[in-house]
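The values are calculated or read from the model by the stated rules, or taken from the named source; none is laboratory data. Source: prediction; values computed, not measured. Don't worry about glycine lacking a Cβ; one is built from the backbone with ideal geometry, like all the others, and counts go over all protein chains shown. Surface areas here come from the heavy atoms of the whole protein model, side chains and all, with no ligands, DNA or RNA. Shrake-Rupley method; radii C 1.70, N 1.55, O 1.52, S 1.80 Å.
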Amino acid sequence: MKKIMALCIFLITAAVLLHAQAQVPGFSNTVHASFGQYASQKDSKVQFFGFTDYFTGNITVGKLTFAGDITWRFLPSSSGVQTEFLDRNVNVVIMPVKGLDIGLGTNLNWTVGPGPSSGPTWSAYNRPYYGGINLMNSTSSVSALPNYPKKGFEVINHYAQQAFAIRYRYENIFEAGFSLPVLTPGKNFNAGLGIKGNIKNIVSIGFAYNGPFNTGKNYLYLGVSTTALKGFTIGAYWNMLTDSSQNAKDGAQTIGALIDFEMKGFRIKPEGAVTFHSDSDWAPSGYAGVDAYMSFTKEILGGINASFGIGSDRIKNDPDNKEKAGARLDVNPYIVWNINKTHVLSAGVHLTPVWWRDGYSTFGWEIPIAWKIKF
């Protein structure tokens with residue numbers, strides 16, 4: 001309720017400021033509808049997944065920027081219309097002097113380097129769950145094991161997400177900042193630290209440390225990217241999870257890389273990562289993915305997102321091989337029609353075969369369509 005009230009305040013404030021003296025306003029609303037079969041349910045029936053509405057807004061007035069988004073779903077049924085809030089975010093950033101940002105928000109997303117791709121599930125051309133190997137299985141009817149497929153990877157390439165944060169950026173050469181994340185009951189005092197440097201706009205190096213004062217999980221990140229080759233962005237990263245709590249074997253190290261090639265009307269981005277777990281009972285886990293699109297005309301483009309992720313197989317203390325790896329494949333071809341500067345129409349197909357850790361295999365599919373209005 002507090003988040004909804006905060007978002008309402010943001011929307012009202014943004015509307016007033018826009019009417020007054022806004023400098024860089026931007027709003028959009030996407031309506032998404034789809035039907036298909038869930039991969040998380042055994043013998044799932046074809047069903048309508050409902051309508052999803054995604055509203056975003058940002059506005060800058062002087063040295064103050066407001067940004068926010070809200071996502072909710074409408075599902076018609078025989079008993080009426082069910083509504084569900086999926087996500088809502090509000091960010092406020094003050095720029096008192098040149099190069100200095102003071103931010104407070106639920107999704108600041110101040111990153112310092114490359115990491116696994118991700119994308120919104122409400123879009124008709126969404127990026128799939130890259131790897132998908134640390135998802136929670138919400139329905140016990142498919143698998144008796146709650147965690148699917150176990151021992152997935154997690155890369156933290158940001159130092160400010162849901163937090164109060166301050167950063168200083170000197171032109172496009174240097175960035176340093178810290179954050180105080182929002183605490184939930186039972187969590188210790190925490191912080192995020194980040195630093196990033198660019199060398200002649202060709203090489204970028206970033207470092208982040210999340211949780212230096214936290215008794216529990218701590219994340220160290222180091223990433224580098226280069227644009228030395230024309231049309232190419234090449235990135236690599238290392239992420240280490242340490243756990244100083246009683247579950248000391250929950251640590252992991254992830255190594256990943258990506259190549260992003262783009263030219264007029266065409267783009268392809270292969271990527272992948274491997275996670276090595278500190279618990280020697282478990283084998284490495286990882287994923288490989290690709291994102292590609294091509295423009296057919298000035299208004300129409302088509303593309304595909306695909307990924308394959310495999311969990312970690314227990315290689316010790318499992319003589320009967322009951323603890324299997326588990327895996328997930330996502331294939332998502334799509335087409336986008338930019339009707340004009342205001343309206344965008346898109347449609348796609350999302351195919352998701354899943355191999356569960358206890359021997360089950362399921363197949364999910366979805367046919368979505370989305371209409372976006374920018375104003």
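A few notes on this one:
- Any hit, the range 111-129, residues being under 14 Å from the mean Cα position of the chain (by Cα), open to solvent by 20 Å² or more (accessible area, probe 1.4 Å), modelled with pLDDT of 65 or more and of a type in the set (Val, Ile, Thr): yes
- The set of residues in the range 198-216 that are more than 25 Å from the chain's Cα centre (by Cα) and part of a loop (DSSP other than H, G, I, E, B) comprises Lys200, Asn201, Ile202, Phe213, Thr215.
- Yes/no for Phe55 being open to solvent by 70 Å² or more (accessible area, probe 1.4 Å), aromatic (Phe, Trp, Tyr) and at negative phi: no
- Residue that is farthest from the chain's Cα centre (by Cα) [pool: residues in the range 98-110 that are among the hydrophobic types (A, V, I, L, M, F, W, C) and in a strand (DSSP E or B)]: Leu100
- Scanning the range 338-372 for residues that are surrounded by fewer than 14 Cβ atoms within 10 Å (Cβ to Cβ), in contact (Cβ under 8 Å) with a residue 24 or more places away in the chain and in a strand (DSSP E or B) turns up His343, Phe363.
- Scanning the range 58-85 for residues that are open to solvent by less than 70 Å² (accessible area, probe 1.4 Å), free of Cβ contacts under 8 Å to residues at least 60 places away in the same chain and under 27 Å from Asn109 (Cβ atoms) yields a total of 12.
- Long-range neighbours under 7 Å by Cβ, at least six apart or interchain, first residue touching a residue at least 12 places away in the same chain (Cβ under 8 Å) within the range 289-305, second basic (Lys, Arg) and open to solvent by 50 Å² or more (accessible area, probe 1.4 Å): Asp291/Arg127; Asn305/Arg127
One line per residue, one yes/no per condition, for (1) more than 30 Å from Ala191 (Cβ to Cβ); (2) among the basic types (Lys, Arg); (3) assigned to a loop (DSSP other than H, G, I, E, B):
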| site | (1), (2), (3) |
| --- | --- |
| Asn218 | no, no, no |
| Ala236 | no, no, no |
| Asn239 | no, no, no |
| Leu258 | no, no, no |
| Glu262 | yes, no, no |
| Ile268 | yes, no, no |
| Thr275 | no, no, no |
| Ser280 | yes, no, yes |
| Tyr287 | no, no, no |
